[in-house]
Amino acid sequence: MTGLAQLTRHRLFWPIVALVVLLLASTLKSHGFLEVTVRDGHLYGAPIDIMRRSSILLLVALGMTLVIATRGIDLSVGAVMAIAGAVTLTQIASSPDPGAVSTVAVAMLTGLAVCLVIGVFNGFLVAVLGIQPIIATLVIMTAGRGIAMLITGGQITTVTSAPYKTLASGFWLGLPVAALIAGFFFVVVALVTRRTALGVLIESVGINPTASRLAGVRARTIIWTVYVLCALFACIAGFLQSSNIMAADSNNAGLFIELDAILAVVIGGTSLAGGKFSLTGTLVGVLVITTLTLSITVIGIPVNAVSLFKALVVIVVCLLQSPVVQHKLRARRRQAAPVPVEVPA
Amino acid sequence: MMTEPHTTPIVEMTGITISFPGVKALDDVAFRLLPGEVHALMGENGAGKSTLIKALTGVYGIDSGRIVVGGVDQVFSGPAAAQDAGISTVYQEVNLTDNLSVAENVMLGHEIRRFGLIDWHATRKAARTYLQALNLDIDPKSSLSSHSLAVQQLVAISRAMVVDARVLILDEPTSSLDSDEVARLFDVIRTLRDQGVAILFVSHFLEQIYAISDRITVLRNGTLVGEYTPEELPRVELVGKMIGRTLEVLSELEGRSERAVVDRSGTPFMQAVGVGRRGSIEPFDLDIYPGEIVGLAGLLGSGRTELARLLYGADHADSGETLVSGESVKLRNPRAGLAKSIVFSSESRKTEGIIGDLTVRENIVLGLQAERGWMRRVPKKKADEVVAQYIEALGVRPANPDAIAGNLSGGNQQKVLLARWLATAPKLLILDEPTRGIDVGAKAEIQKLVADLAAQGMAVVFISAELEEVLRLSHRIAVLRDRHKVAELINSDDVTTDVVVDLIASGGTSA
Amino acid sequence: MATDEMTVKARKQPEPKLTGEVHRSRPTLDRRYLPVLGTVVVLALMLIIGGSRYENFLSGRVMANLLINNSFLIVVAVGMTFVILTGGIDLSVGAVLALSTCISAWMFVHGWPAYVAIPAAILAGALIGWAVGVMVHVFEIQPFIATLAAMFLARGLCYVIAPESIPITDPTIIKLGTRWDLGGGWAITPSGLIALAVVVVAFVTLHYTRFGRTVYAIGGGEQSARLMGLPVARTKVLVYVISGTCAGLGGLLFAAFSSSGYSLTGVGMELDAIAAVVIGGTLLTGGSGFVLGSVLGVLVLGLIQTIITFEGTLSSWWTKIVIGALLLVFVILQRLLVVRRR
């Protein structure tokens, strides 16, 4: 009994239940849903599809998790994706040898450099000038797509480049390259935040900026860093997205992905008020959102109703997280053992 | 005690008891307020002044006791209900909105309307009337933020009068005012008093209490010490009553005889020469030698915290020079202090100390980690060692490194903070009220620890509202008053609380 | 307390009306007006540059279109101003606007008369606003997330109601878009008049009612407002209701403009509205700003588009870049003002 109670109290319990329910519902509707087959040496099937489709959102949500942990938010990620695609594809397209690996590598490095600048810019506005994160990142969110179009000359730049195409469509060891890339960065961030002190310092700044500063933590540098990281991950997501369609579509690349990413982070149990973050939670959140979209089509609900379901998920999760509800739950739980409270002066 | 008043009290509180989990914030406190008097409520931090005010204005519910206002038993649901009964409160931080005009701040919620719309002309005129009643001749259309804090404070009082206040509570209204501004505020208070308003006045400045009060009620540790007239209560006695001169329980630490002699022949670890910061502490000189405990004595608001913050670099000084081991240094931010092996434990454990949602282990290692930077994580083995060592040495309960720090009791949080700083092997340890609000046992342990650390050669700056404690621990005592360092004395058996209380009360002139 | 003498005097010496926000009787300029003044300068510069570069730029037709084509955005921005003045934000306005077009279109198709369909569409907006207000105030959910949820909800409802674009043929809605010629190329539509009326009502509400002043007081400091005994809870919920209602009304104006109800209407319009409010000099931290500033903000956005159209060689994406740059300038300017005030 207590074991079950503890399990239900785990912050990932309900998101995982949601994920399982979605998968079960899809399987009931379409019996082969969870089947994975081998075709041409690659794995095929809905689970693989979910992995592949999740990769872009996962990359964006990864950066978003770190930003949100510092009490921030980054609205510019979608625009950054558009810019990344625009810069890279324009360069590949204008090169004499678009199919060469070196061309693609140089183009991608250029894209990363441009996004790095954007991240530095966002971080400067937030960490140095002290502008609210929502507004600071709204600037690039608004101007970013314009810049992307400026780079592509308003065209949807298309390219033919086998190495670039591999990013989104290729398979390696039977698995989609896109999923491997996202998985790689997920592991790297998890390792870096948890093996170095970065994770705990980010949480410390997010929980109590004043106390962290007095403890000697470089709060400003940390906040600046997470915005740079967030832009870089959005950039890589932009590569995957543009590689997927082999085109830089400045208007639609990563449109509204910032909202999905924030949603994934919140579903994963990281509070928008900053502090403790869970990368695993974010991964679950991303899977829930991707599966939701996929399952809904399988189950036969019109794709367009997805946002209605998303709304319900956000509302339920946020209500459960809200201080008022939390307080009531906690009060019920702690009836017996009062928490020591300091005497108000 | 004062003779029975001739008039009926407008407010009469009897047997007020309020408990917070684990603590009795007020224990059977009685308080009365007469029409046409200025009544000072005195006590150190945690004495229960604010709690009493909040009980009166309905912010807190009372566990037992009676509140009678104007002859009627009352239990207010909140500040708005108290206002309706004629009780207005003006808080320490001016609770007005500085984005609006003076007239609006005075009249918000009471604007004069015509056909349902605000008649600005009439509203401003009414505001001007209220302002002029307090001899405040400012343009009602001017923006509130264009005026000094003193004027804003007076505007807040004008606002309080709009609701026809019979009782006006002024909670530390003078903490950010200079002497001319205080004089002006006092004129207003006297005018209101003469009109029959009952005024409850809270301040930490003794001079002001004696300048304005008709009666004084003293609280200590949530209990009533007594009600006095200023005439029958000399300053020295007042301070004595606030601080509480008998501390029986800690007698085992009565370690005056074993106080080591500090060698002051060498270079001080830290020298502050004319260091000050406008608006928080006047320039001061202070030397701190290795192995020495320097106590800062002074009432709340005397500048003791501000002084300590400058020594660490939590705020940066705008005058003077700081030398560490004889070398001039600039302490611009906490990291600079940390780099010089100076650490500072803030008096606000909750907001400036503990990172609530992190574990005890993470909290303890944080200082060490901040020093090393994010890339060089403190190795797990070392972290475990350090954490175990300090949990053991300081007796942190529960002795579980994975407990969430925010759930610990105040005393244990304080120990966690101490552990955080001690783990960085500091040369100067600045402790601001490390023993406030924690139980007697933990207090004694922390005092003993501080004495031991100094004996091992660490320089310590020790701040406490409890004079006994400062005297017991310190080798040298700097006395502060009204944001000035007014005296400095070498501790000896001749230095008694009376001597220090005298210094605080007189401002260093009679010592 | 309001003696007759006082009020008689008040009528003799009327307060400056609509233009009063930028006109001052005192010679020194109140700092509160600085951001709005910045907007006025930007607007004037754009008019001068446009007028000197292109023929017919300052014609009645162009100027009238500026108002007519942006009437729905003006209404939405007015609602957004209320929310932002309290220190909140409303991301749901674009979706609520779309929902309003869908509901009205659906009801018309199903034979409901205009006097039912129109109030229903507006009421839907008000209801969503109320739900947001409750989430923000009672459950202390950040406005950003609460309105994000409302945005998904409204969008989802749109798809359910109108998966495809539904044409609107109702005469009442169509009439909203009729141009009434005023001579000299100037013209006005009922939509434009409604937008102007909304602005006037909003102005009066914000500046001449206790509710309006409470909105400013909350933006100046919610805790202070509560201690001053102001009705904080009611006001905070109400601003979201107002924003929702404005978005609902904006949807009807947009329906008149596009003659259809479509679920993808107004995608990203919340950002335009926020940008207009910020460029109009309202502080996003709340407490400072004017509804007329937001109108100027919308006109600046409209003028950017007009200039780019006139320029011909300039590509449309410059609109976004210029808006972003203006946003940056205004945000930094506001930040400096706040820092200096402290």
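The numbers here are math on the coordinates, done by the rules we state, and not lab data. Quick caveat: nothing in here was measured; it's all calculated off a predicted structure. Don't worry about glycine lacking a Cβ; one is built from the backbone with ideal geometry, like all the others, and counts go over all protein chains shown.
Could you state the angle between the C-alpha long axis of helix A:46-69 and the longest principal axis of the C-alpha atoms of chain A, as a value from 0 to 90 degrees rounded to the nearest 10?
For A:46-69 against chain A, the angle is about 60 degrees.
What residue among A:GLY154, A:GLY199, A:GLY119 has the largest mean-square fluctuation in a Gaussian network model of chain A, using Cα springs under 10 Å?
Among A:GLY154, A:GLY199, A:GLY119, the largest mean-square fluctuation in the Gaussian network model of chain A belongs to A:GLY154.
Can you give the calculated 222 nm mean residue ellipticity of chain A, where each DSSP H run of n ≥ 4 adds -39,500 (n - 2.57) and the sum is split over every residue, rounded to the nearest 500 deg cm²/dmol?
Computed ellipticity for chain A at 222 nm equals -23000 deg cm²/dmol.
Based on alpha-carbon centroids, what's the gap between region C:223-263 and region B:28-61 in Å, whole number please?
What the calculation gives is 43 Å, centre to centre.
Would chain C count as rounded, prolate or oblate if I go by the C-alpha gyration tensor, calling it rounded below 1.5 in a/c and otherwise prolate when a/b exceeds b/c, oblate otherwise?
Rounded, because the longest to shortest axis ratio a/c is under 1.5.
Which shape class, rounded, prolate or oblate, goes with region A:83-165 when its Cα gyration tensor gives a ≥ b ≥ c as root eigenvalues, a/c under 1.5 marks rounded, and past that a/b bigger than b/c marks prolate?
Prolate, because a/c is 1.5 or more and a/b exceeds b/c.
For chain A, compute the number of Lys pairs whose alpha carbons are separated by less than 29 Å, excluding pairs fewer than 8 positions apart on the same chain.
Details: A:LYS29/A:LYS310; A:LYS276/A:LYS310; A:LYS276/A:LYS328; A:LYS310/A:LYS328.
Pairs that pass both the separation and distance tests number 4.
Across peptide C:218-224, what mean number of C-beta atoms from other chains lies inside 10 Å of a residue's C-beta? List each step's numbers first, then the result.
Working: counts 1, 3, 10, 7, 1, 3, 10.
Counting other chains' Cβ atoms within 10 Å and averaging over C:218-224 gives 5.
Dipole size in debye (nearest 20) for chain A around its Cα centre, Lys and Arg Cβ +1, Asp and Glu Cβ -1? Intermediate results must be reported in sequence, preceding the final value.
Working: 21 positive and 10 negative charges, 245 e Å.
That gives chain A a dipole magnitude of about 1180 debye.
Non-local amide H neighbours of B:VAL486 (under 5 Å, H modeled in plane, Pro and chain starts lacking H): which ones?
B:VAL479, B:LEU480, B:ARG481
As a test of the formula, what do you get for chain B when each DSSP H run with n ≥ 4 contributes -39,500 (n - 2.57) and the sum is divided by the residue count, at 222 nm and rounded to the nearest 500 deg cm²/dmol?
Theoretical 222 nm ellipticity from helices: -10000 deg cm²/dmol.
Calculate how many DSSP beta bridges within the protein assembly as shown are antiparallel, expressed in % of all such bridges and rounded to the nearest 5.
Here the antiparallel bridges make up roughly 60 percent for the protein assembly as shown.
Enumerate the calculated ³J(HN,Hα) couplings along region C:106-118 in order (Karplus 6.51 cos²θ - 1.76 cosθ + 1.60, θ = phi - 60°), each rounded to whole Hz, writing x wherever the residue is Gly or Pro.
Couplings: 4, 5, 5, 4, 8, x, 6, x, 4, 6, 9, 5, 5 Hz.
Averaged over C:82-92, how many beta carbons belonging to a partner chain fall within 10 Å of each residue's beta carbon?
What the average comes to for C:82-92 is 1.
Report the net charge of residues surrounding B:GLY196, where surrounding means a beta-carbon distance below 10 angstrom and charges are Lys +1, Arg +1, Asp -1, Glu -1.
Overall, the nearby charge balance is 0.
Residue-wise, which Karplus ³J(HN,Hα) couplings in Hz belong to region A:204-221, taking 6.51 cos²θ - 1.76 cosθ + 1.60, θ = phi - 60°, and x for glycine or proline?
4, 5, x, 6, 8, x, 5, 4, 5, 4, 5, 7, x, 6, 7, 4, 4, 4
Averaged across the residues of B:356-362, what count of C-beta atoms belonging to other chains lies within 10 Å of each residue's C-beta? Walk me through the numbers on the way to the answer.
On the way: counts 4, 9, 7, 1, 0, 1, 5.
So the per-residue partner count for this stretch is 4.
Once you have a ≥ b ≥ c as the square roots of the Cα gyration tensor eigenvalues for region C:63-112, tell me rounded if a/c is under 1.5, and otherwise prolate or oblate according to whether a/b is larger than b/c.
oblate
From the phi angles alone, apply the Karplus equation (6.51, -1.76, 1.60; θ = phi - 60°) to region C:40-50 and give each ³J(HN,Hα) in whole Hz, x where the residue is Gly or Pro.
Using θ = phi - 60°, the values come out as 4, 4, 4, 4, 4, 4, 5, 5, 5, 4, x Hz.
With a cut-off of at most 16 other beta carbons within 10 Å, and DSSP calling the residue loop, which chymotrypsin sites (Phe, Trp or Tyr not before Pro) in region A:218-277 qualify? Please list them.
A:PHE256
In degrees between 0 and 90, to the nearest 10, how far off the longest principal axis of chain B does helix B:380-394 point, with axes built from Cα atoms?
70 degrees
Once amide H atoms are built 1.01 Å from N in the peptide plane, which residues 5 or more positions from B:ASP287, or in another chain, come under 5 Å H to H?
Long-range HN contacts for B:ASP287: B:ALA272.
Could you please state, rounded to a whole Å, how far the C-alpha centre of region C:54-104 is from the C-alpha centre of region B:298-371?
51 Å
Given the C-alpha centroids of region B:204-223 and region B:473-505, what is the distance between them in whole angstrom?
If we compute the Cα centre of each part, the gap is 21 Å.
For the pairs B:LYS54/B:LYS350; B:LYS24/B:LYS485; B:LYS350/B:LYS380; B:LYS340/B:LYS485; B:LYS241/B:LYS330; B:LYS340/B:LYS381, note any where the Cα-Cα span goes beyond 31 Å.
Beyond 31 Å: B:LYS24/B:LYS485; B:LYS241/B:LYS330.
What Cys residues in chain A are without a partner cysteine, judged by a Cβ distance under 4.7 Å?
So far as the 4.7 Å Cβ criterion goes, A:CYS230, A:CYS318 stand without a partner in chain A.
Compute the long axis of helix A:177-195 from its Cα atoms, compare it with the longest principal axis of the Cα atoms of chain A, and write down the angle in degrees, 0 to 90, nearest 10.
Taking the Cα atoms of chain A, the angle to A:177-195 is about 40 degrees.
Check B:VAL197: other-chain or 5+ apart residues with amide H under 5 Å from its amide H, H built from backbone geometry?
Amide H neighbours of B:VAL197: B:GLY36.
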